[in-house]
Every structure is written in structure tokens, then in C-alpha cells.
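This report refers to the structure that appears directly beneath it.
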Amino acid sequence: MKFRLTTQLQALAALAAITASSLQAATDIQNRDEPIEGQETATLTDPPNVPPPITRKKATKVIVNLEVKEIQGRLADGVQYTFWTYGGKVPGKFIRIREGDLVEFHLNNHPDNKMPHNIDLHAVTGQGGGAGASLTAPGHSSVFSFKALNSGLYVYHCATAPVAMHIANGMYGLILVEPKEGLPAVDKEFYVMQGDFYTRGPNGEQGLQPFSMEKAIQEKPDYVLFNGSVGALTGEGSLTAKVGETVRLYVGNGGPNLTSSFHAIGEIFDQVWAEGNMSHITQNVQTTVVPPGGSAITQFRVNTPATYILVDHALTRAFNKGAIGMLKVSGNEDKTVYSGKTTDEVYMPEGTSIRVAEQSAKPAPVAKTKAERIERGKAVYTANCVACHQANGEGIPAAFPPLAKSDFLNADKIRAIKTVTGGLQGIVKVNGNTFNGVMPAWALSNDDIANVLTFVYSSWGNSGKVVTAAEVKANAAKPQAAPAKPKDSH
Ligand code: HEC
Ligand SMILES: [Cu+2]
């Protein structure tokens, strides 16, 4: 009881500090007139990292060096894309300054690049946000300066015609203009930025995919992503924190077109600085809107261990187009906060049947070698299986069984085919652990199923068996007619 009271008091004190600080934001005139003392070069960071908080009490001259690089990189497994970047990654380098600072901005366009580029920073007061002054040919460097008149979290982006193309290729990032008094201290800060991508071929089509202006104009992206590629914030890229820590996410949306409904599955944002505005904090937010060219800061204390899933809650973007990230929180469970499953009883209303995961079979040339099967299978795995079994095949304890070193899988190839084609439910034991979930039946082509199983068998210490389309055809199970008990992912 005593413990709870102190934590409540601490929370109140923290909130009071936040609220008080949020009211002190300086005006544009005060910031314009604040004298400049000294000079420093800004530390810039690649996503998902954020430069350290500013402890300075004075406005200073800050030199920002940002280099534009056109690079070929991974958009998804087997899918390459030519990204245009500020600093080599999508989103571009995170820039952190203080209100009142005088920024001397150097935009360097690498000599190997093919296109002219510029930069429009929403933190700039002046023509084009800097765009006109910074138009730079390959092998050139432009310099302009501005005074940071307004605190806030601002998007920057390229504004060279065709603007939507430069943005769709990844030319955006965030600049944080901290209020004078700084932001409240937190344990973890991360940089997450959404963007929509338009490729000539459909989602998942392999190879180097050119940008599709037509799809961009129709606002029909093939990919919607956090931090520039499928899986940038999952698996090894997952964000991490420990129970009891306070996490702050600087969230931006480069667009060019889609508005994000930013949400963390299993977590509530204790505080949100909506629209990146420093003067007002909203509390207890489930989903915050982040428009293209806009931002939000979300902050929350993590109270119990879980994998919290970051999504655009327009969920086909998350589950079909890539807008998924993970925050893995480790530490001691707090059963008062969340009990986990306490009972599991059979629930069989009439008329339910096993869910068939819809997926139109897209004809692709048949894989000829085992290596080709594995490569194709990996793409099928990433598109369909990763959400539950995870990129490393380890699954999620008590929810999704591992495929890595799975005794269930390795014991019986025919049963594996039946599992994927027909679905699986009821109690199964994998590597000594019991699972009781629902594996959907997959309406994938025989080739895709053969390839994905060959990939799984060849990965993570499994037996290396090959599965052929003929074997899938001969052993496919009808989707089970028994009732499904789909789990809510929230
Ligand atoms: C929506 C979550 C989900 C997705 C997506 C999913 N599975 Fe599963 N899978 C499960 C669950 C849950 C089980 C265990 C079912 C049970 O408890 O009866 C399972 C079991 C399995 C098993 C047998 C158990 C084991 O660990 O060896 C295999 C093999 C398997 N899945 C393969 C796949 C493949 C291949 C894909 C992609 C085509 C896939 N799964 C996609 C949820 C999923
Ligand atoms: Cu550009």
C-alpha cells in the first residue's frame, strides 16, 4: 500500500513537472531576440536512435552537416529499391537543437548522385522552409541559416520536383527543436517514421523495383513502412526497454500520402504531445493521428513485460503492407497489471468455421533448385508467417510455437503440409511446451507452400528436408471444419 502511494505521488510530481514545463514555451519574438553564444556541430543520429538531450542553457550557433545519398537498399526480403536519403538511411538523420538556436545548415549532395535535391524543414521560418536556398546539384554543397523561432518536433523533406517522388523515395526525417527548459528526462528515446512506398510490381514482387508515379498519384502504396523497410523495427531491429522504464517515441510521417493512426498494441500512451506541439500534453491516448508532414511525441511507462506491437491501426497497412514495429519489454511480470490467460474453456457457437487466410495465388516461375525454393520460400515466410512465428522462427512463448528446431515439424513432413494447407488447432506440444492456438489454413499455391516449408526446414537448425509442389498437392488437407477461436491481437 505504502509502495503504491509513493509511486502515485511520484507520478503526480512527474506530471506536475511536465505540465509546468509545457506552459513555459517561449514566444517566437523571445526566441528571435535570444542572443547567440558560442558554436557547436550538431550530433546527428540514424533511426531509431535520437541524439542526447540538450543541456545547454543558452542559444548557440549550431552547424548541421547533412549529406544526400542515393543508394540501393532492401525494401523487403528479395525486394530492392533505389532510396534517396538524407544520410544513408530512411528516415534521414535525426537533428536535435534548442529553440533560439541559430542553425547554419550545410546540405551536401554526394558527387555519385544523379539528381539535384534540396530541403524544406518545417522548423524554418522563411521561403520554402529552406528549399529555394538549398537546391543543390550532385557534387555541390549549399549553405543557409535560420533561427529556430518555435519549439516542436518538425518534419523535414526534399521539395525538388517531382516532390512526391523525392519523398516517396525516402527523403524525409525529423528535427526536434527543444523548448528552453528541455523535455522531461526519460529512460529511452526512439525515432520512428512512417512512409508509403509505391513499386512497379505488387507487394512482394522480387528484384529491384522502380518507383511507380501512377500508383503514387492514385495513393495506392504497395508498402507502408516504419523506418524504410519491412522489418526495420522487428526481429533484431526491435526496440527494447525494461519494466519500469519510461519510453518516449518521436514519431513522424513522411507520407507522401497516407495519414497514420499510430498505435501500440497492449500499451496506452500516458502522454502525447500531439502534432509535435510542445505547449500542450494530452494524457491516456490509445491511437494518435500523424499526418503526412506531421509528427507526434508519445510517452509511456512500461509496466509489465510484453512485446508491444507498433502499428498504423489502419490494419491492412500493418499486416499486409509492413507497418509493424516491436517494442520488446523485459523484466518481472506484474500480475496485477496483467494476469495472462487464467482459464481456457471450449467455446463453440454454431456456424463458425476455421478462418482461411485469404491470399490470391500469384503465378511465378517454378523454382528449379533447392536454393531457389529456399529463396522464394523466405519471401512467402516473410509475407505470411513472420507475424506469428517471428523472423527468427522462435515463435512467441505461450502463443505461437517455434518453427526453429521444432520436434513437431521435423518428425513428420506430411503432417507439416497438412498443418499449413488445412490449419491446426487444439493442443499441440512443440519442444516440450504446450500450445493451444489457431493456425489459419493457407490458401497459397502448392508451390508457395512447398517453398515456404523447404525454407523452414532449411533454417534455424531444422532437418533440411525438401518439400515439392507434388507432395503438397498429394497431401493437402481441407481447411478444418471445426470451430476456430480466433485470438484478438489487442
Ligand atoms: C496467425 C498466426 C499464425 C500465422 C500467421 C502462421 N501460423 Fe503456424 N501456427 C500458429 C499456431 C497458433 C500454431 C499452433 C496451433 C495449435 O496450437 O494447435 C501454429 C503451428 C504451426 C506449425 C506446427 C507446429 C510447429 O511449431 O512446428 C507449423 C509447421 C506452422 N505453424 C507453420 C506455419 C507457416 C509455414 C506459416 C506461414 C505460411 C504459418 N505457420 C503462419 C499460428 C500461426
Ligand atoms: Cu530530393
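The values are calculated or read from the model by the stated rules, or taken from the named source; none is laboratory data. Only a predicted model underlies this, so the values are computations on that prediction, with no experimental measurement involved. Cβ atoms come from the backbone with ideal geometry, glycine included; neighbour counts cover every protein chain shown.
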Item checked: Pairs with Cβ under 8 Å, 6+ apart, first in the stretch 421-443 and closer than 16 Å to P397 by Cα and in the same structural domain as A387 (by TED's automatic domain parsing), second in a strand (DSSP E or B) and among the charged types (D, E, K, R) -> F435/K429
Item checked: Matching entry among G132, G152 (being more than 24 Å from T60 (Cβ to Cβ), touching a residue at least 12 places away in the same chain (Cβ under 8 Å) and of a type outside the set (S, T, N, Q)) -> G132
Checklist line | Subset of the stretch 288-303 (residues that are surrounded by 17 or more Cβ atoms within 10 Å (Cβ to Cβ) and either of a type in the set (D, E, K, R) or in a strand (DSSP E or B) (or both)) | finding: T288, V290, G294, S295, A296, I297, T298, Q299, F300, R301
Notebook entry, point to check: Out of all the residues in the stretch 153-202, which are surrounded by fewer than 21 Cβ atoms within 10 Å (Cβ to Cβ) and under 19 Å from the mean Cα position of the chain (by Cα)?
Noted result: K188
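Take G207 and decide whether it is among the small types (G, A, S) and touching a residue at least 40 places away in the same chain (Cβ under 8 Å).
Working: among the small types (G, A, S): yes; touching a residue at least 40 places away in the same chain (Cβ under 8 Å): yes.
Judged against the criteria, G207 is a match.
Can you spot a residue in the stretch 166-182 that is within 16 Å of ligand 2 (Cβ to nearest atom), of a type in the set (A, V, I, L, M, F, W, C) and more than 18 Å from S260 (Cα to Cα)? Talk me through it step by step, then tell me what you get.
Step one: of the stretch 166-182, the residues within 16 Å of ligand 2 (Cβ to nearest atom) are 166-173.
Adding the requirement that they be of a type in the set (A, V, I, L, M, F, W, C) leaves 167-168, 171.
Within this subset, residues satisfying the condition of being more than 18 Å from S260 (Cα to Cα) are none.
Scanning the stretch 166-182 turns up no residue that is within 16 Å of ligand 2 (Cβ to nearest atom), of a type in the set (A, V, I, L, M, F, W, C) and more than 18 Å from S260 (Cα to Cα).
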Check: Can you name the condition, by its number, that S141 falls short on among (1) more than 16 Å from ligand 2 (Cβ to nearest atom); (2) assigned to a strand (DSSP E or B)?
Finding: (1)
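Every residue, every condition in (1) at pLDDT 85 or above; (2) touching a Ser or Thr at 6+ places or on another chain (Cβ under 6 Å); (3) assigned to a loop (DSSP other than H, G, I, E, B), yes or no:
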{"residue": "I309", "(1), (2), (3)": "yes, no, no"}
{"residue": "K321", "(1), (2), (3)": "yes, no, yes"}
{"residue": "M326", "(1), (2), (3)": "yes, yes, no"}
{"residue": "V329", "(1), (2), (3)": "yes, no, no"}
{"residue": "D334", "(1), (2), (3)": "yes, yes, yes"}
{"residue": "T343", "(1), (2), (3)": "no, no, yes"}
{"residue": "V346", "(1), (2), (3)": "no, no, yes"}
Notebook entry, point to check: How about the stretch 61-128: which strands (runs of 3 or more DSSP E) wholly inside it have at least 3 residues that are over 22 Å from the mean Cα position of the chain (by Cα) and at pLDDT 95 or above?
Noted result: 102-109
Next item on the list: For G426, indicate whether it is at positive phi and modelled with pLDDT under 90.
Entry: yes
Next item on the list: Kindly list the number of the only condition in (1) in the same structural domain as F105 (by TED's automatic domain parsing); (2) touching an Asp or Glu at 6+ places or on another chain (Cβ under 7 Å) that fails for F146.
Entry: (2)
Notebook entry, point to check: Counting only residues that are within 21 Å of T307 (Cβ to Cβ) and surrounded by fewer than 23 Cβ atoms within 10 Å (Cβ to Cβ), how many does the stretch 235-262 have?
Noted result: 14
